[in-house]
Amino acid sequence: MRLRVRPQPGRALAGAATVPGDKSVSHRALIFGALGTGDSVVTGFSGGDDNRRTAAALRALGVGVEERGTTVIVHGAGLGGLTRAVGPLDCGNSGTTIRLLCGLLCGQPFPTALDGDASLRARPMRRVAEPLARMGARIDGAPGARPGDIVPPLRVHGLARGARLVGTTHDLAVASAQVKSAILLAALGARGVTRVTEPELSRDHTERLMAALGLPLSVIPGARPAVALDGDAVRPFPGRPFAVPGDLSSAAFLLAAGALVPGSRVTVRGVSVNPTRTGVLDALTAMGLVIGRGAERDEGGEPTADLTVAADDLAATHIAGALTVRSIDELPILAALATRAAGTTEIRDAGELRVKESDRIATMAAELRRLGAELEELPDGLRVHGPAPLRGARCTAHGDHRVAMSLCVLALVAEGETVVEEADSIVTSFPGFTAALGALGADVTQE
Ligand code: S3P
């Protein structure tokens with residue numbers, strides 16, 4: 001599928017939109033629903049393909065999961081209630097699905113095969129296999145591009161019946177919520193205490209849900225944030241309602257469109273503003289935008305708000321360290337915005353972008369250049385010189401949803417039409433993206 005963007009000079013975007021439920025929270029609500037006893041009702045579920053892969057995988061593991069649009073009913077199997085799947089679980093494009101499942105499955109008394117699409121088959125898995133191995137698990141995969149690494153297809157061996165993993169301390173070299181969550185899921189069935197420390201606090205949705213479920217988790221803030229779970233104190237927990245807030249990572253594209261197209265004013269309602277995710281809002285503020293927050297409330301243990309932005313002149317900014325971790329999935333759209341900001345923007349400490357759905361440093365650098373951007377690729381980020389006059393072009397998203405949506409939003413302010421090829425993957429996180437932009441007044445179509 002390709003996206004076609006026809007800029008409409010002189011026409012502002014206006015209105016209020018909603019976005020799909022948070023992808024990270026949706027995965028976790030399904031998994032904890034599956035581990036509870038009795039039914040859990042997940043509301044605000046994202047209909048994105050990534051989350052549907054997690055739902056399908058749980059079904060293959062013997063959990064009843066009924067999808068009814070944005071409501072999903074999970075008939076929990078309880079801790080220890082999963083059953084062996086027939087054939088490999090296809091995680092599609094979803095890194096979160098495969099890594100969280102590694103943690104969930106490595107202590108089970110049966111083996112599981114995990115696989116995914118071409119993009120997922122290129123993504124590094126040693127980062128989960130190695131810490132889980134230190135707890136007694138065994139996960140094999142195909143050789144990866146980096147020496148010693150493995151990539152899908154994976155074989156999660158499981159344990160002999162009656163055997164348990166062993167709680168261990170893990171000091172992560174790179175902040176990663178996927179790795180932290182995989183370890184915490186494994187820790188539920190492990191003997192003793194499992195600890196995870198990370199250099200910066202990555203998104204904490206797993207911790208919030210575990211705490212809400214009464215699981216024996218301690219959160220230890222500090223210069224090196226840590227969490228600890230006592231596997232010996234884990235008790236069965238009942239099903240419960242999970243309310244999923246809107247996904248800030250999807251809202252970011254609509255807010256960016258509102259920020260870019262002159263005269264625009266855009267609101268996105270009911271979006272998660274969990275502080276581990278709001279780096280993008282801090283970066284937008286640093287670029288000179290005023291982000292209005294209204295209707296602040298709590299949605300399923302996550303702070304949520306309506307966010308409003310009005311178009312304005314943009315200034316360059318510097319994104320590094322903790323801010324990079326807190327805006328990791330929004331760095332492509334922030335790089336796109338930086339092409340319109342006065343001055344030189346640097347995005348640093350973002351080497352992780354090289355192992356996302358595409359090498360986002362390389363793909364964003366190449367594709368932004370096609371639109372006329374002036375920038376330099378750095379080993380761990382980008383240096384973007386703005387404001388550059390942009391011209392419509394034929395680009396490719398390299399099969400990466402966030403690259404597709406970033407290019408599409410930036411093309412709204414280019415001169416002339418832009419086509420973004422290889423954009424099918426927008427369904428992984430934001431199936432209604434073009435419709436949402438269209439409802440705000442943009443001319444963007446899918447072909
Ligand atoms: C996610 C964690 C992040 C993020 C991804 C979702 C999660 O990945 O980029 O989109 O839901 O745990 P890393 O853990 O690799 O940083």
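The values are calculated or read from the model by the stated rules, or taken from the named source; none is laboratory data. Keep in mind it's a predicted model, so treat the numbers as computed, not measured. Cβ coordinates were reconstructed from backbone atoms using ideal geometry, including for glycine residues, and neighbour counts include every protein chain displayed. Ligands, DNA and RNA are stripped out before the accessible areas are found, and what is left, the full protein with its side chains, is counted by its heavy atoms. Shrake-Rupley method; radii C 1.70, N 1.55, O 1.52, S 1.80 Å.
Does LEU188 satisfy the criteria of being within 16 Å of the ligand (Cβ to nearest atom) and farther than 22 Å from GLY92 by Cα? Criteria not met by LEU188. When the residues of region 234-243 are filtered to those that are touching a strand residue (DSSP E or B) at 6+ places or on another chain (Cβ under 9 Å) and open to solvent by 10 Å² or more (accessible area, probe 1.4 Å), the one that is nearest to the ligand (Cβ to nearest atom) is ALA243. Cβ-Cβ distances below 6 Å connect the following pairs, each with a first residue in region 178-193 that is charged (D, E, K, R), a second residue that is away from the ligand (no atom under 16 Å from the Cβ) and assigned to a helix (DSSP H, G or I), and a separation of six or more residues or different chains: ARG191/GLY231.
Hey, does region 69-77 have a residue that's open to solvent by less than 30 Å² (accessible area, probe 1.4 Å) and not aliphatic (A, V, I, L, M)? Within region 69-77, one or more residues are open to solvent by less than 30 Å² (accessible area, probe 1.4 Å) and not aliphatic (A, V, I, L, M).
Scan region 200-224 for residues that are within 12 Å of the ligand (Cβ to nearest atom) and without any contact (Cβ under 8 Å) to a residue 60 or more places away in the chain and the total you get is 1.
In region 20-34 there is no residue that is away from the ligand (no atom under 16 Å from the Cβ) and open to solvent by 10 Å² or more (accessible area, probe 1.4 Å).
The residues listed here are ALA175, ALA142, ALA163; of these, the one that is within 16 Å of the ligand (Cβ to nearest atom) and either touching a strand residue (DSSP E or B) at 6+ places or on another chain (Cβ under 7 Å) or not in a strand (DSSP E or B) (or both) is ALA175. From the list ALA251, ALA305, ALA256, the lone residue that is open to solvent by less than 30 Å² (accessible area, probe 1.4 Å), away from the ligand (no atom under 16 Å from the Cβ) and out of contact with any helix residue (DSSP H, G or I) (no Cβ under 8 Å at 6 or more places or on another chain) is ALA305. Return the pairs, sorted by first residue and then second, in which the second residue is part of a strand (DSSP E or B) and more than 12 Å from the ligand (Cβ to nearest atom), the first residue lies in region 335-361 and is without any contact (Cβ under 8 Å) to a residue 24 or more places away in the chain and open to solvent by 40 Å² or more (accessible area, probe 1.4 Å), the beta carbons are less than 6 Å apart, and the residues are 6+ apart or on different chains. Short answer, once both residue conditions are applied: none.
Of the residues screened, GLY321 is one that is open to solvent by 10 Å² or more (accessible area, probe 1.4 Å), of a type in the set (Gly, Ala, Ser) and within 16 Å of the ligand (Cβ to nearest atom). Are any residues in region 35-54 surrounded by 23 or more Cβ atoms within 10 Å (Cβ to Cβ), closer than 21 Å to PRO245 by Cβ and among the hydrophobic types (A, V, I, L, M, F, W, C), and if so, which ones? Matches in region 35-54: VAL42, PHE45.
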